[in-house]
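Chemist: What follows is a structure written as structure tokens; I'll ask about it next.
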Amino acid sequence: MMKTDSTLEKILASGQLAVTSECGPPRGALPEKVKEKAEMLRGCVDAVNVTDNQTAMVRMSSLAACILIKQMGLNPLLQMVTRDRNRLAMQSEVLGAYSHGIDNMLCLSGDHPHFGDHPGAAAVHDIDSVQAVEMVKKMRDEGLFQGGQKIDGPPKMFIGAAANPFADPFELRVARLAKKVKAGVDFIQTQCIYNVDKFEKWMQGIVDRGLHEKVYILAGITPMKSVGMAKYMKNKVPGMDVPDELIKRIGGVPKENQAEEGIKMCLETIERLKTVKGVAGFHIMAIEWEHRVREIVERAGLLPRPTF
């Protein structure tokens, strides 16, 4: 039974592979920047994630950028981190988003402030990402605020969360996902996948526990632009698993051909993941490379997108 009117949910429920992508808001009051990025994704993705002060750097609010994208006739996906708000602010933001017709969201913890441009900022974390999922589900399904009071006009959100199959200790990754499923999450977007063998092992653990029947899993895909980016991802980005042979492969082609090699590698990953049981779609995080998303989706055989 459908829980929401979300187009993303309809596509996933129909059994077709879903495609989502990402639009990082600008570090300024520049609505045209949001519109420019979102326009590149028109017609090639089912929902557009709008990040929420990613890497703990101040940006235009996710909600404001989502509203701009909604006004363009696209489907925004509100990201909300528990780092910056207490439960009052989070619930009020969910109501605000839904009142603008935004019906997809992702509940996240958020990167620690010391990674960003305000290292002295206090992290709120009044509740964690699992409790945030529970809270939004209660708002939607029971029409109640977390404090137990009745909501006049509950927000019918399609609720997502993130998962990192590669973080240590690997053995606890499936159990961590099970916790989010128990909290009531509808879909998961994963960390970028470069170590496909390890990802398949994680998916096997999910299938073994029957979790793939309770949650839609969108596999995270980020194309590599260069050998420099590959090395940076391996050495500087926490929780990322980039195998050495991948670095060797992209580094083995001339500099001017590395971007194309990166896209080829990303297409090979998509092809392989299409056959993995439990993978319900792809989340393409083409960081500041939004203009290549359509090409990736097209070359991966994922166009045209279904319409509802």
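Just so you know, all these numbers are worked out from the coordinates, no wet-lab data involved. Quick caveat: nothing in here was measured; it's all calculated off a predicted structure. Glycine gets a Cβ as well: all are built from the backbone with ideal geometry, and neighbour counts include every protein chain shown.
Chemist: Pop out the ³J(HN,Hα) list for region 290-302 in order, Karplus 6.51 cos²θ - 1.76 cosθ + 1.60 with θ = phi - 60°, rounded to Hz; leave Gly and Pro as x.
Modeler: Once θ is set to phi - 60°, the couplings for region 290-302 become 4, 5, 9, 4, 4, 4, 4, 4, 5, 5, 7, x, 10 Hz.
Chemist: Using a Förster distance of 22 Å, how high is the FRET efficiency between His114 and Val237, based on the Cβ-Cβ distance and rounded to 0.05?
Modeler: 0.90
Chemist: If we count every other residue with Cβ under 14 angstrom of Val81's Cβ, Lys/Arg +1 and Asp/Glu -1, where does the sum land?
Modeler: Charge balance near Val81 sits at -2.
Chemist: Per residue of region 268-277, in order, report the coupling 6.51 cos²θ - 1.76 cosθ + 1.60 (Karplus, θ = phi - 60°) as ³J(HN,Hα) in whole Hz, putting x for Gly and Pro.
Modeler: Coupling constants for region 268-277: 5, 5, 4, 4, 5, 6, 4, 8, 7, 4 Hz.
Chemist: Net charge near Leu267, counting Lys/Arg +1 and Asp/Glu -1 over other residues with Cβ under 13 Å of its Cβ? Please report the intermediate quantities before stating the final value.
Modeler: Working: positive: Lys264, Arg272, Lys274, Arg292, Arg299; negative: Glu260, Glu261, Glu268, Glu271, Glu295, Glu298.
Result for the neighbourhood of Leu267: -1.
Chemist: How do the peptides 93-105, 234-246 rank, highest first, by the average count of neighbouring beta carbon atoms within 10 Å per residue?
Modeler: Packing order, densest peptide first, comes out as 93-105, 234-246.
Chemist: Using the beta-carbon distance between Val58 and His100 and R0 = 22 Å, what value does 1/(1 + (r/R0)^6) give for FRET efficiency, to the nearest 0.05?
Modeler: 0.50
Chemist: Residue by residue through region 104-112, what is 3J(HN,Hα) from phi via Karplus (6.51 cos²θ - 1.76 cosθ + 1.60, θ = phi - 60°)? Round to whole Hz and write x for glycine and proline.
Modeler: 10, 8, 10, 9, 10, 7, x, 6, 4
Chemist: Here's something else I'd like to know. Using alpha carbons only, how many angstrom separate the centre of region 79-139 from the centre of region 148-214?
Modeler: Value for the Cα centre distance between the two parts: 17 Å.
Chemist: As a test of the formula, what do you get for the chain when each DSSP H run with n ≥ 4 contributes -39,500 (n - 2.57) and the sum is divided by the residue count, at 222 nm and rounded to the nearest 500 deg cm²/dmol? Working shown, then result.
Modeler: Details: 11 runs with 115 residues, N = 308.
Dividing the helical sum by the residues of the chain leaves -11000 deg cm²/dmol.
Chemist: Can you sort Asp208, Asp152, Asp126 so the residue with the fewest Cβ neighbours within 10 Å comes first?
Modeler: Details: Asp208 10, Asp152 7, Asp126 15.
Result, fewest neighbours first: Asp152, Asp208, Asp126.
Chemist: Using amide H atoms built in the peptide plane, which far-off residues or other-chain residues are under 5 Å from Arg83 H to H?
Modeler: Close amide H contacts, sequence-distant or interchain: His125.
Chemist: Note the per residue figure in Å³ for the convex hull of the C-alpha positions in region 211-307.
Modeler: About 124 Å³ per residue, rounded to a whole number.
Chemist: Shifting gears a bit: Taking the Cα centroid of region 10-27 and of region 221-277, what is the distance between the two, rounded to the nearest whole Å?
Modeler: About 21 Å separates the Cα centre of region 10-27 from the one of region 221-277.
Chemist: While we're on this one: For a quick check: with amide H placed at 1.01 Å from N, whose amide H comes under 5 Å from Ala18's, ignoring anything fewer than 5 positions away on the same chain?
Modeler: Result for Ala18 returns Gly281, Phe282.
Chemist: Quick check on the chain: of the DSSP beta bridges with both residues there, what percent are antiparallel, nearest 5%?
Modeler: Close to 5 percent.
Chemist: What net charge do the residues around Ser109 carry, taking every other residue with its C-beta under 15 Å from that of Ser109, with Lys and Arg at +1 and Asp and Glu at -1?
Modeler: 0
Chemist: Amide H to amide H under 5 Å from Leu77: which residues, 5+ apart in sequence or cross-chain, H placed 1.01 Å off N in plane?
Modeler: Val48, Asn49, Val50
Chemist: Please work out which option in (1) 62, 39, 28; (2) 29, 22, 20; (3) 33, 26, 17 gives semi-axes √(5λ) of the Cα gyration tensor in Å calculated from these coordinates, and answer with its label.
Modeler: Of the labelled values, this structure produces (2).
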